[in-house]
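Taking it in order: structure first as structure tokens, then the write-up.
Any read-out appearing in this document is the output of simple, stated calculations on the displayed coordinates, not a laboratory observation. In this text, all values refer to a predicted model and were calculated from it rather than measured experimentally. Don't worry about glycine lacking a Cβ; one is built from the backbone with ideal geometry, like all the others, and counts go over all protein chains shown.
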Amino acid sequence: MEGRHWIRAVLSLPLRVKKSLPRAMTFLGLCTGLSSPILGHTMRQRIGVYEDSEGLERRRFGLDGTMTRSGWGALTQTSLGISMTRDQDRQQNIINDDYVRNEYGSGDRVYDEWSVQGNLTWDKLTETRLMAQGGGDGVMDRQTIGVGAGHWLYHETIRIAVDLSQTESRQPEFRILDFDSREIGTPPEGKSRGVSLGVRHLATPSTIMDYQVSQILQKGRPEARAAQIRVRQFLVPPPSLPSVAEEAPLRTTKTSVDLGIIRAVNKGALGTDTTYGEVDSLTMEAGVNIQLDQRVQSRLAYRFYKEQEVTRVLREEKLFGSDLVSLGLGYQFAKELSQGQERGYRGEIVVSRYQTNGGLLGRSIEAGLSALF
């Protein structure tokens, strides 16, 4: 289930948790952007720290593991990935947050999250996958299950993938009075279903294009639709200078540029089982991956996010915007080949800066150590 979309996460969580998602996204996927697909087994330890100008402090601890094996017969490869994460939050100022005071009693919160995904590859062309993930903090919890399949066509230049998912969430009922004197609030139990269709096109030997459309249905919310386009362009050295490019400190064969744009729309009639209005959002992303030498890889990334919300009763328009800039560095401490597989250790560190149009300023740093065996 590559690329969990924001709208799927938003619709499966209560409002108070949802408000922290833009800040929490600072942590999501930053280190993984530095890692290359590696056959064999990997184990990675992650630690991170985030602080912002509104008094939120977050400490993150994570452990990821991946096992990949060759198959037999038509089953050419199997893989299993497991991830566990713990976030320890401390909110300094909760005076104006009735939900946090009533349900948590303080600004301290511990959220544990886990995920498991298995993949089976058949005849090197067809992939089937099964995913389960969940999380909770003692007050609210959620679980997601999903299945998916993909197949390569046209001489392995186009892959079509379909994914289905269902998310269930539970949280205390907390209702507030809206401007039309009706009580609104997230129901104690929520359920949403999602479907996505993705196409990967190997347009040229150095260009990868990804297209995806998705839909999410949830009781109490309008239908949510999203579409995204991503491109990764590898910078290939001129054919006339292969030896120079190979020996140069900057090996352009492993340098790439990433671009992406995501449009998500969640508009329609609103009932009283939600506290959030109609949403229209736009995300634009850009990144540069540079292989400095055989051991060092760096990544500079930028993300712009804009969200327009229209409230249920007054039809008031609220505009939210944010910028996220991150810089990552990865270093291969040791590397050797054993039976065609890479072995060794890899260190990663990512620093980021997050800012919103409301004046919030956040900074984070995350480090990871991977063992390849």
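Here are some notes:
- A simple spin-label model places the labels of Asp178 and Leu292 5.3 nm from each other, with each point 7 Å out along Cα-to-Cβ.
- Rounded to the nearest 20 debye, dipole of the range 147-191 from Cβ charges on Lys, Arg, Asp, Glu: 120 debye
- For Thr167, Thr85, order by how many other beta-carbon atoms lie within 10 Å, fewest first: Thr85, Thr167
- The 3J(HN,Hα) values that the Karplus relation (6.51, -1.76, 1.60; θ = phi - 60°) gives for the range 59-70 are, in residue order, 10, 10, 10, x, 9, 10, x, 9, 10, 10, 9, 6 Hz. Gly and Pro appear as x.
- Inter-label distance, nm, simple model (7 Å from Cα along the C-beta direction), Asp112/Met209: 4.6 nm
- In summary, the range 97-219 shows an alpha-carbon radius of gyration equal to 1.49 times the 2.2 N^0.38 Å reference for compact globular proteins.
- The residue list Gly190, Thr121, Ser165 was ranked by how far each Cα lies along the charge dipole of the range 98-212 toward its positive end, using unit charges on Cβ atoms, and Thr121 comes out on top.
- In order along the range 103-120, the Karplus-derived 3J(HN,Hα) couplings, from 6.51 cos²θ - 1.76 cosθ + 1.60 at θ = phi - 60°, round to 8, 9, x, 7, x, 8, 8, 10, 10, 9, 9, 9, 8, 9, 9, x, 10, 10 Hz, and Gly and Pro are given as x.
- The range 131-182: trypsin sites (Lys or Arg not before Pro) falling in loop per DSSP and having at most 15 other Cβ within 10 Å: Arg182
- Which listed pairs, of Lys124/Lys254; Lys219/Lys318; Lys191/Lys254; Lys254/Lys318; Lys124/Lys306, have C-alpha distances above 32 Å, in listed order: Lys191/Lys254; Lys254/Lys318; Lys124/Lys306
- Euclidean distance of C-alpha centroids, the range 97-161 and the range 65-93, integer Å: 10 Å
- Based on the convex hull around the alpha carbon atoms, the range 32-166 presents an average projected area of 10.7 nm².
- Amide H partners (placed H, <5 Å) of Gly40, local residues excluded: Thr68
- The range 50-117: projected area of the alpha-carbon convex hull, averaged over directions, in nm²: 6.4 nm²
- Qualifying GluC sites (Glu not before Pro) for the range 158-191 [loop in DSSP, other Cβ within 10 Å: at most 12]: Glu173
- By the beta-carbon count within 10 Å of each Cβ, the least crowded to most crowded order of Arg193, Arg230, fewest first, is Arg193, Arg230.
- In Hz, Karplus ³J(HN,Hα) per residue of the range 319-324 (6.51, -1.76, 1.60; θ = phi - 60°; x = Gly, Pro): 10, 10, x, 8, 10, 10
- Estimated FRET transfer efficiency when R0 is 22 angstrom, pair Leu314-Leu361 (beta carbons, to 0.05): 0.15
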